[in-house]
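Enquirer: Below: one structure in structure tokens.
The values are calculated or read from the model by the stated rules, or taken from the named source; none is laboratory data. These numbers come from a predicted model, not from an experiment. Methodologically, a virtual Cβ is constructed for each residue, glycine included, from the backbone with ideal geometry; neighbour enumeration extends over all protein chains shown. Ligands, DNA and RNA are stripped out before the accessible areas are found, and what is left, the full protein with its side chains, is counted by its heavy atoms. Shrake-Rupley method; radii C 1.70, N 1.55, O 1.52, S 1.80 Å.
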Amino acid sequence: MTLVVRARRVVTPEGERPAAVHTAGGRITAVTAFDDAPPGALTLPDDEVLLPGLVDSHVHVNEPGRTEWEGFASATRAAAAGGVTTIVDMPLNSVPPTTSVEALHVKRRAAEGQVAVDVAFWGGAVPGNADQVRPLHAAGVVGVKCFLLDSGVPEFPPLDDAGLRAALAEVAAADGLLVAHCEDDRVVAAAPPPAGTSYAAFLASRPAAAEETAIGRLVAAARETGARVHVVHLADADALPLLRRARAEGVRVSAETCPHYLTFAAEEVPDGATSFKCCPPIREAAHREALWAALADDDVELVVSDHSPCTPELKRLDVGDFGLAWGGIASLQVALPVVWTGARARGLTLGHLARWMAEAPARLAGLPGKGVIAVGRDADLVAFAPEERWTVTTLLHRHPVTPYAGRRVTGAVRRTWLRGEPVDGAPRGRLLRRGVP
Ligand SMILES: [Zn+2]
């Protein structure tokens, strides 16, 4: 299989330029001048830009065990349609959770033969499984995830500070990575509980201070153990100085944020609109704007979906109760246009976007074949029309519930290639291991 794609705008790590991307056997073999292409080369129309396939390192597929919430087939087809050629599956909401090597095997068997794009896996760190951290890393997970407060499912309990240190000691020994849901259990327990349909009450029940306290706990444990850590789905911009200070002191800590924190604002979420419920919550517009600034300054390095769907019934749209509804936003298929819509409006470029949504997640997850258009990498490519406007309607997620429904966005995925082959929903994806190109 050889494929040569050329475009007037190709986004490479060195910047955007006219180029021809040559591939063979699923890998990129050369990136040459636009005119240096064989007769059979595919030339993209002038309104399309060639991007690296996106890497979404935060996806809850929920299979096996809660396949009625999403599943590998529907998740990876939605990913492909959204220009995402690699997803990394989170360890919880599936049953069993991926907290042992045996459970990882169960999950890999469930995914096998079903995936339209490549899939890698996070392991889980829960109380009592520190002895599984090194075997999970050896078995190819990209790292382990933990919670610092109730995760929402009983089979994936949170770590206390002693448990966090025990896990991080193992992570450090494996030269691995721990990613953490950073909201503090005590701060949230002391806040007023959510009350019915009021978004303001829900927001007050998960205060920004809970993120800062939990990030402080994570940073302290990382400093003590020397382990590499990462803050998932940062919503609270007031935590940024804490992260900057920790990094300046040599603590290995990075952070990601998500399309919903960059798009919506608490002031605009209608009461009863539980499709917007996620944890940590969508905060006020000032947080959103500060998160954009942090991305531009590289203080936050990744934008990933935290695609976390459930059945429509569990979103409790019937009563609109923020206390009862499952917390999680479905967005895998629309993350690229949604983030581009916001980035473009703020004068940021497709080069920024490729860094946040492909290069940085591939680096975080230790997937050396992924994330950039460069010689030796997998030929995972996306033809993207950055000026096309459209309205989010039917998506390929298993369920249609998403706060993006009906939203006008700019930028459309026209075509996607995985290892040089057009992605058409057929199960040609592979199951990836950390560090294997
Ligand atoms: Zn998540």
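Enquirer: Would you call residue 228 basic (Lys, Arg), crowded, with 20+ Cβ neighbours inside 10 Å and in contact with a strand residue (DSSP E or B) (Cβ under 8 Å, 6 or more places away or on another chain)?
Expert: yes
Enquirer: Take the residues in region 176-207 that are part of a helix (DSSP H, G or I) and open to solvent by less than 10 Å² (accessible area, probe 1.4 Å); name whichever of them is farthest from residue 130 (Cα to Cα).
Expert: The selected residue is 199.
Enquirer: Also, I was wondering about something else. Would you call residue 253 surrounded by fewer than 24 Cβ atoms within 10 Å (Cβ to Cβ), within 16 Å of the ligand (Cβ to nearest atom) and in contact (Cβ under 8 Å) with a residue 12 or more places away in the chain?
Expert: The answer is no for residue 253.
Enquirer: Which one is nearest to the ligand (Cβ to nearest atom), of the residues in region 274-311 that are assigned to a loop (DSSP other than H, G, I, E, B) and surrounded by fewer than 18 Cβ atoms within 10 Å (Cβ to Cβ)?
Expert: Ranking the candidates gives 311 first.
Enquirer: Another question, if that's okay. Scan region 65-89 for residues that are within 16 Å of the ligand (Cβ to nearest atom) and either basic (Lys, Arg) or in contact with a strand residue (DSSP E or B) (Cβ under 6 Å, 6 or more places away or on another chain) (or both) and report the count.
Expert: 6
Enquirer: If you don't mind, another one. Within region 373-384, is there a residue that is of a type in the set (Gly, Ala, Ser), free of Cβ contacts under 8 Å to residues at least 24 places away in the same chain and surrounded by fewer than 24 Cβ atoms within 10 Å (Cβ to Cβ)?
Expert: no
Enquirer: Tell me whether region 45-55 contains one or more residues that are under 28 Å from the mean Cα position of the chain (by Cα), open to solvent by less than 40 Å² (accessible area, probe 1.4 Å) and within 16 Å of the ligand (Cβ to nearest atom).
Expert: yes
Enquirer: May I ask you to list pairs of residues, at least six apart or on different chains, whose Cβ atoms are under 9 Å apart, with the first in region 89-101 being open to solvent by less than 10 Å² (accessible area, probe 1.4 Å) and the second being in a loop (DSSP other than H, G, I, E, B) and among the basic types (Lys, Arg)?
Expert: Within 9 Å, the pairs are 93/66; 94/66.
Enquirer: Return yes or no: is residue 40 at positive phi and surrounded by fewer than 24 Cβ atoms within 10 Å (Cβ to Cβ)?
Expert: Here the answer is no, as residue 40 does not meet what is asked.
Enquirer: Within region 178-206, track down each residue that is in contact (Cβ under 8 Å) with a residue 40 or more places away in the chain, away from the ligand (no atom under 16 Å from the Cβ) and within 14 Å of residue 236 (Cβ to Cβ).
Expert: Selection gives 203 alone.
Enquirer: Of all residues in region 218-232, which are within 16 Å of the ligand (Cβ to nearest atom) and in a helix (DSSP H, G or I)?
Expert: 218
Enquirer: Another question about this same structure. Mind telling me which of the residues 419, 398, 434 ends up being within 28 Å of residue 230 (Cβ to Cβ), basic (Lys, Arg), within 17 Å of the chain's Cα centre (by Cα) and surrounded by 18 or more Cβ atoms within 10 Å (Cβ to Cβ)?
Expert: 434
Enquirer: Could you check residue 314 against (1) away from the ligand (no atom under 16 Å from the Cβ); (2) open to solvent by 20 Å² or more (accessible area, probe 1.4 Å) and say which number it fails?
Expert: All conditions are met except number (1).
Enquirer: Please go through region 90-126 and pick out each residue that is within 18 Å of the chain's Cα centre (by Cα) and polar (S, T, N, Q).
Expert: Answer for region 90-126, where residues must be within 18 Å of the chain's Cα centre (by Cα) and polar (S, T, N, Q): 93, 94, 98.
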